[in-house]
Number of protein chains: 2
Amino acid sequence: MKRKSSSREEWAAQIAALEDVPPARKEPITVDRIVTTALALVEAEGFAALTMRRVAAALGTGPASLYAHVRNKAELDDLLIGTLSRNVSLPAPHAGRWRAQFVDVCGQLRDQFLHYPGIAQAALAAAPANLDTLRITEGLLAILLKGGVEPEPAAWTIDAALLYVSAYTVEASLRRHPDRDEDSRVVDRDEILARLRMLPISRFPHTVEHADKLNSGEGHERFEFALQLMLKGL
Amino acid sequence: MKRKSSSREEWAAQIAALEDVPPARKEPITVDRIVTTALALVEAEGFAALTMRRVAAALGTGPASLYAHVRNKAELDDLLIGTLSRNVSLPAPHAGRWRAQFVDVCGQLRDQFLHYPGIAQAALAAAPANLDTLRITEGLLAILLKGGVEPEPAAWTIDAALLYVSAYTVEASLRRHPDRDEDSRVVDRDEILARLRMLPISRFPHTVEHADKLNSGEGHERFEFALQLMLKGL
DNA sequence: TCTACGGACGAACACTGTTCGTGTCAACTG
DNA sequence: CAGTTGACACGAACAGTGTTCGTCCGTAGA
């Protein structure tokens with residue numbers, strides 16, 4: 001019966017061959033196509049939706065096909081943050097504008113991460129010796145050295161700043177996108193403010209008094225504040 | 001035959017009742033027991049091993065039993081970081097030592113997170129209005145206000161510092177504990193240094209030149225450096 | 001004593017990452 | 001040109017995940 005079903009399939013194949021368009025000639029899977037598909041998926045549905053199966057399905061195949069081009073999901077994650085890192089443009093270091101240049105590069109990275117919600121989680125786990133992230137480190141190092149910062153403080157400041165960028169964007173993504181209209185979790189600013197004011201004054205005197213300050217900060221004010229804090233401390 | 005097997009079980013139960021020790025009298029599951037078990041699991045095997053099934057198994061039951069006491073795995077995570085937050089002791093604010101006090105509290109939190117490898121991932125996702133984390137915010141706010149810092153910069157600095165603590169501990173855990181003796185990933189410091197030196201000088205001049213500084217920092221030197229950076233900037 | 005109710009839990013669902021073995025098509029080789 | 005080889009595609013499966021449903025049972029209240 002194996003024979004029979006086999007010839008039946010051949011028969012179907014022959015019929016399919018009669019169609020004017022041969023079945024799309026399925027172009028081969030490449031690492032680039034995988035990365036592009038994955039990024040589109042993260043952009044549309046967030047990092048939690050990035051699944052080997054979903055990527056494979058979007059490419060019209062099964063999950064096993066991806067493992068010929070990518071060792072791991074972790075390696076795919078690394079490739080994604082590498083691609084994102086390649087999108088930030090590094091300025092020619094200018095001694096007089098080193099602070100602004102530093103903040104600008106970090107801001108570019110922040111925007112890249114925010115555009116693909118949740119992907120910063122992969123950035124925190126990314127291999128420390130990734131070539132594309134090292135390119136950014138090199139650029140930031142050039143900026144700080146040009147600004148007259150000593151090498152070791154410069155290196156450590158870069159480390160701290162990049163860590164902060166990742167944490168900031170992870171948190172921003174988790175706050176925004178946890179799930180559609182869940183009852184808890186998606187508490188907006190006014191709600192948080194109201195809850196802070198409800199705290200017992202005996203145990204949380206300063207929190208209650210300055211609840212508005214704890215929740216203030218439009219856009220990326222807090223982000224810029226934190227980076228300026230680090231740079232002014234140098 | 002349902003009858004038959006049923007009576008067989010009853011028979012077995014009667015036999016079991018003959019034992020001097022009644023079957024351990026299975027003490028009830030409580031939120032506290034769940035949290036304690038979960039923390040022990042994370043301490044021993046890392047946050048990735050924290051599974052509803054493993055917690056349930058450690059309690060001698062199935063995963064469904066946990067959902068009577070805990071809404072989500074996310075809620076369990078929140079409970080864990082709440083418990084950890086409750087372990088840091090807040091000093092009485094002292095105007096002359098506000099910087100040292102601030103760094104000390106952050107260091108306590110860091111040590112708590114490092115003691116339960118990977119748990120900081122949950123801290124980044126934790127609810128912003130958790131009572132136990134708010135207690136730490138309140139304590140830090142008291143310290144900074146006592147030090148003469150204005151409320152809004154104080155609030156934003158606390159936000160940045162706590163974010164940094166989480167990011168620092170997440171990264172430290174991921175670097176250390178990814179998997180037992182995997183071939184890649186667990187690249188030690190000397191290996192990273194060697195790889196940095198192999199970079200093409202044309203594209204990575206500063207990275208190659210200062211490779212040693214990029215990798216320096218014993219213990220928590222970088223951690224203290226980053227926090228001092230923020231505090232000096234105030 | 002009977003009833004209600006909340007906790008415990010077995011089984012299942014819909015997922016996840018990953019591997020194994022087989023198939024198939026292309027490009028080298030004789 | 002015929003034949004072999006090797007890389008890639010992929011169906012099926014495995015072990016594991018969070019979560020839910022329906023049923024059981026022991027204890028507290030009427």
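Just so it is clear, none of the values below were taken in a lab; they were calculated from the coordinates. Values in this document were obtained by computation on a predicted structure and should not be read as measured data. Neighbour counts run over all protein chains shown; Cβ positions are idealised from the backbone, glycine included.
Summing charges over all other residues whose Cβ lies under 12 Å from the Cβ of B:HIS206, with Lys and Arg as +1 and Asp and Glu as -1, gives +2. Relative to the other identical copies, B:GLY107 shows label-point distances of 3.6 nm, where the label point lies 7 Å from Cα along the Cβ direction and values run shortest first. B:GLU191 label point (Cα plus 7 Å toward Cβ) to equivalent points in the other copies: 4.6 nm, shortest first. Computed from phi, the 3J(HN,Hα) profile of the stretch B:54-59 under the Karplus parametrisation 6.51, -1.76, 1.60 (θ = phi - 60°) reads 6, 4, 4, 4, 5, 8 Hz, with x in place of Gly and Pro.
With 30 Å as the limit, write out which pairs from A:LYS146/B:LYS232; B:LYS146/B:LYS213; A:LYS213/B:LYS232 have Cα-Cα distances beyond it, or answer none. Correct reply: B:LYS146/B:LYS213. Between B:ARG54 and A:ARG53, the FRET efficiency estimated from the beta carbon spacing at R0 = 25 angstrom works out to 0.55. Per-residue shielding of A:204-215, expressed as the average number of other chain Cβ atoms within 10 Å of the residue Cβ, stands at 6.
Determine, from the Cβ-Cβ distance of B:ARG71 and A:GLU45 and an R0 of 30 Å, the FRET efficiency 1/(1 + (r/R0)^6), rounded to the nearest 0.05.
Working: r = 24 Å, r/R0 = 0.79.
Efficiency, rounded to the nearest 0.05: 0.80.
With a 10 Å Cβ neighbour count serving as the proxy for reagent exposure, in which order, fewest first, do A:GLU221, A:GLU27 appear?
On the way: A:GLU221 12, A:GLU27 9.
The order, fewest Cβ neighbours first, is A:GLU27, A:GLU221.
Along the Cα-to-C-beta direction of A:SER216, a point sits 7 Å from the Cα; which residues of the stretch B:207-234 have their amide N less than 18 Å from that point? Under 18 Å, as judged by backbone N against the label point of A:SER216, lie B:234 of the stretch B:207-234. Estimated from the Cβ-Cβ distance and a Förster radius of 30 angstrom, the FRET efficiency linking B:THR30 and A:ARG189 is about 0.30. For the segment B:162-174, counting C-beta atoms of other chains within 10 Å of every residue's C-beta and taking the mean gives 5. Could you tell me whether the stretch B:115-171 comes out rounded, prolate or oblate from its Cα gyration tensor? Rule is a ≥ b ≥ c as square roots of the eigenvalues, rounded for a/c under 1.5, then prolate if a/b exceeds b/c, otherwise oblate. Prolate shape, in that a/c is at least 1.5 and a/b is the bigger ratio.
Mind checking the mean number of beta-carbon atoms from other chains within 10 Å of the Cβ atoms in B:132-143? Before the final figure, lay out the partial values.
Details: counts 0, 0, 7, 3, 0, 5, 8, 3, 1, 8, 4, 1.
Counting Cβ atoms of other protein chains within 10 Å of each residue's Cβ and averaging gives 3.
A label point on A:THR30, set 7 Å along the Cα-to-Cβ line, lies at 6.3 nm from each of its counterparts in the other copies, closest listed first.
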